[in-house]
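Only one structure is covered here, and it is reproduced in the block below.
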Amino acid sequence: MTNSYDEATLDLLRLTIPTYGILVPVIYRSGTNEIIDGRHRLKVREELEAEGLSITLPVHHVNTNNPGEIDQIVNSVRRPWQDTEQRRKLVAQLREKGHSFRRIAGAVGADHKTVRNDLRADAAGGENSPPAD
């Protein structure tokens, strides 16, 4: 497993965890300290707790000899934001932080064209703007 962090994903978590908490558990391999899924959530939780916030951390332990398979399963069932207005707000906030369309798309689970359209709609006052030719 990699220890690199995607800043757009970290910023998305920094924006949402104070409001909603950590909704998806951090997954550990049973009997070890090996994190299968949740490095970004752990990092942001540590940052927020250093600022004085108390964040409940849901944890799940999985008995497996193939942690990569569990990681793939977890990532395959994640869904993009269902609430369009909420996604647009988060997309705009991430763009203000300087993230590229592709990085934002990866963080919110949408296509980069959707991100571009969300930003256009936000600039137009929330109207659904078609992509420019």
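List the residue pairs whose Cβ atoms are under 6 Å apart, where the first residue sits in the range 37-57 and is charged (D, E, K, R), the second is part of a helix (DSSP H, G or I), and the two are 6 or more positions apart or on different chains.
Listed pairs, sorted by first residue: Asp37/Asp71; Asp37/Val74.
Cβ-Cβ below 9 Å, separation at least six or inter-chain, first residue in the range 12-25 and closer than 14 Å to Thr56 by Cα and free of Cβ contacts under 8 Å to residues at least 60 places away in the same chain, second of a type in the set (Val, Ile, Thr) and open to solvent by 70 Å² or more (accessible area, probe 1.4 Å): which pairs?
Gly21/Thr56; Ile22/Thr56
How about the range 1-39: which of its residues are of a type in the set (Gly, Ala, Ser) and surrounded by 15 or more Cβ atoms within 10 Å (Cβ to Cβ)? Don't jump to the end; show me each part of the working.
Of the range 1-39, the ones of a type in the set (Gly, Ala, Ser) are 4, 8, 21, 30-31, 38.
Hits for the range 1-39 are Ala8, Gly38.
Those residues that are open to solvent by 50 Å² or more (accessible area, probe 1.4 Å) and under 17 Å from Ile27 (Cβ atoms), I need them from the range 40-67; list them, please.
Correct list: Lys43, Arg45, Thr56, Val59, His60, His61, Asn63, Asn65, Asn66.
Residue check, Glu85 against (1) among the acidic types (Asp, Glu); (2) farther than 21 Å from Tyr5 by Cβ; (3) free of Cβ contacts under 8 Å to residues at least 40 places away in the same chain; (4) open to solvent by 60 Å² or more (accessible area, probe 1.4 Å), all met but one. Which one?
The number of the failed condition is (3).
Given (1) touching a strand residue (DSSP E or B) at 6+ places or on another chain (Cβ under 9 Å); (2) within 30 Å of Asp122 (Cα to Cα); (3) of a type outside the set (D, E, K, R); (4) part of a loop (DSSP other than H, G, I, E, B), where does Gly31 come up short, assuming only one miss?
Only one criterion is unmet by Gly31, namely (2).
Would you kindly identify the helices (runs of 4 or more DSSP H) lying entirely within the range 62-130 that contain at least 2 residues that are out of contact with any strand residue (DSSP E or B) (no Cβ under 6 Å at 6 or more places or on another chain), within 14 Å of Thr9 (Cβ to Cβ) and at pLDDT 85 or above? Please lay out each step first, then the result.
Working: elements: 67-77, 84-96, 101-108, 112-123.
Output list reads 84-96, 101-108.
The values are calculated or read from the model by the stated rules, or taken from the named source; none is laboratory data. Everything numeric here is computed off the predicted structure, so don't read it as measured data. Every residue, glycine among them, receives a Cβ derived from its backbone with ideal geometry; neighbour counts consider all protein chains shown. We work out accessible area using only protein heavy atoms, side chains counted, and drop any ligands, DNA or RNA first. Shrake-Rupley method; radii C 1.70, N 1.55, O 1.52, S 1.80 Å.
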